[in-house]
Each structure stands twice: as C-alpha cells, then as structure tokens.
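Engineer: Before I ask anything, here is the structure I am working with.
Values quoted throughout were computed directly from the atomic coordinates according to the rules given, and no laboratory measurement underlies them. Everything numeric here is computed off the predicted structure, so don't read it as measured data. Reconstructed Cβ throughout: ideal geometry from the backbone, glycine too, with neighbour counts over all protein chains shown.
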Amino acid sequence: MPAAVGGQQAAVVCSPRPRSLPRLQRTLQRLQLSEKLLGKRLAFVTECSYSEAVDRRRDFLERLKRNPQGIRFSELERIILRAGFVFDRARGSHHVYVRGGRVLTIVKPHGTHKTCHPGDVRDVIRFLEEEE
C-alpha cells in the first residue's frame with residue numbers, strides 16, 4: 001500500500017508492536033537496509049489499537065473480580081493511576097489517591113505480607129465499575 005513520506009512515494013511496512021527498545025532499533029535497522037535494497041522510501045507502521053488496551057484492562061478487572069486475593073500493591077497502584085486517580089499523600093502505609101472529589105485509600109502491605117487486602121481490591125473494583 002503506497003503512502004507519501006516526505007513528499008516521496010513510499011511502501012508501508014506493518015509490524016507487530018515492538019515490546020522493547022532494542023527490538024524497535026533492530027526493526028528500524030532492517031527497514032533502512034530494505035530501503036537501500038529496494039531503492040524506495042519505506043514507512044514503518046506498528047499495530048497498536050485502542051481496543052486491545054481496553055480489552056486487556058477489562059480482562060484484568062475480571063481477574064480481580066474472580067479472585068481479589070494475591071494482588072500486589074504495585075499492580076493495584078498501576079490500575080488506580082491509569083484510571084485517572086492522582087497520588088495525593090501517604091502517611092505510613094496508607095496511600096491516598098484522589099480523582100475529582102473522590103478519595104481512595106489503599107493500605108500498602110508491609111512486613112511479611114506481600115499482597116493487598118482483598119477488601120482494598122474490592123474497593124478499587126467498585127470505584128472503577130462506577131465510572132463505567
């Protein structure tokens with residue numbers, strides 16, 4: 001499928017989304033070699049759709065609903081931050097996140113505990129379901 005790149009006719013090369021910087025660099029090097037061999041300018045396009053990201057989030061939420069035990073604080077925090085909450089403050093092990101007028105408090109496990117309390121996980125699920 002031809003495309004215009006820099007005012008020149010170019011072929012489009014589709015590739016799965018690279019998962020790391022070294023893979024992306026190798027892919028770009030191959031692209032430059034192909035340009036030299038073909039004598040054409042090539043455009044590099046990766047596949048990354050919004051629906052895939054939404055599906056992954058939905059799948060993760062389903063996993064949380066089925067089993068709220070065994071969720072690490074880092075995983076729960078990532079979900080909270082991606083949902084639009086902003087870290088407000090921490091006092092000891094209590095971390096407070098705010099979005100709009102809503103306040104969410106999560107207790108970070110410490111000592112021998114490695115996972116969050118299932119009640120905290122259920123609170124996050126409830127907050128995220130209310131937004132949808």
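Engineer: Part of a loop (DSSP other than H, G, I, E, B) and in contact with a Ser or Thr (Cβ under 8 Å, 6 or more places away or on another chain): does that describe G70?
Structural biologist: Details: part of a loop (DSSP other than H, G, I, E, B): yes; in contact with a Ser or Thr (Cβ under 8 Å, 6 or more places away or on another chain): yes.
Against the criterion (part of a loop (DSSP other than H, G, I, E, B) and in contact with a Ser or Thr (Cβ under 8 Å, 6 or more places away or on another chain)), G70 qualifies.
Engineer: Report, by residue number, each residue of the range 74-113 that is within 16 Å of the chain's Cα centre (by Cα), surrounded by 15 or more Cβ atoms within 10 Å (Cβ to Cβ) and among the hydrophobic types (A, V, I, L, M, F, W, C).
Structural biologist: Selection gives L76, I79, I80, A83, F85.
Engineer: State which residue pairs qualify: first residue without any contact (Cβ under 8 Å) to a residue 60 or more places away in the chain and inside the range 79-90, second residue charged (D, E, K, R) and assigned to a strand (DSSP E or B) in any location, beta carbons under 7 Å apart, and separation of 6 or more residues or different chains.
Structural biologist: G84/R99; F85/R99; V86/R99
Engineer: Return the residues of the range 114-132 that are under 21 Å from the mean Cα position of the chain (by Cα) and assigned to a loop (DSSP other than H, G, I, E, B); say none if nothing qualifies.
Structural biologist: C116, E132
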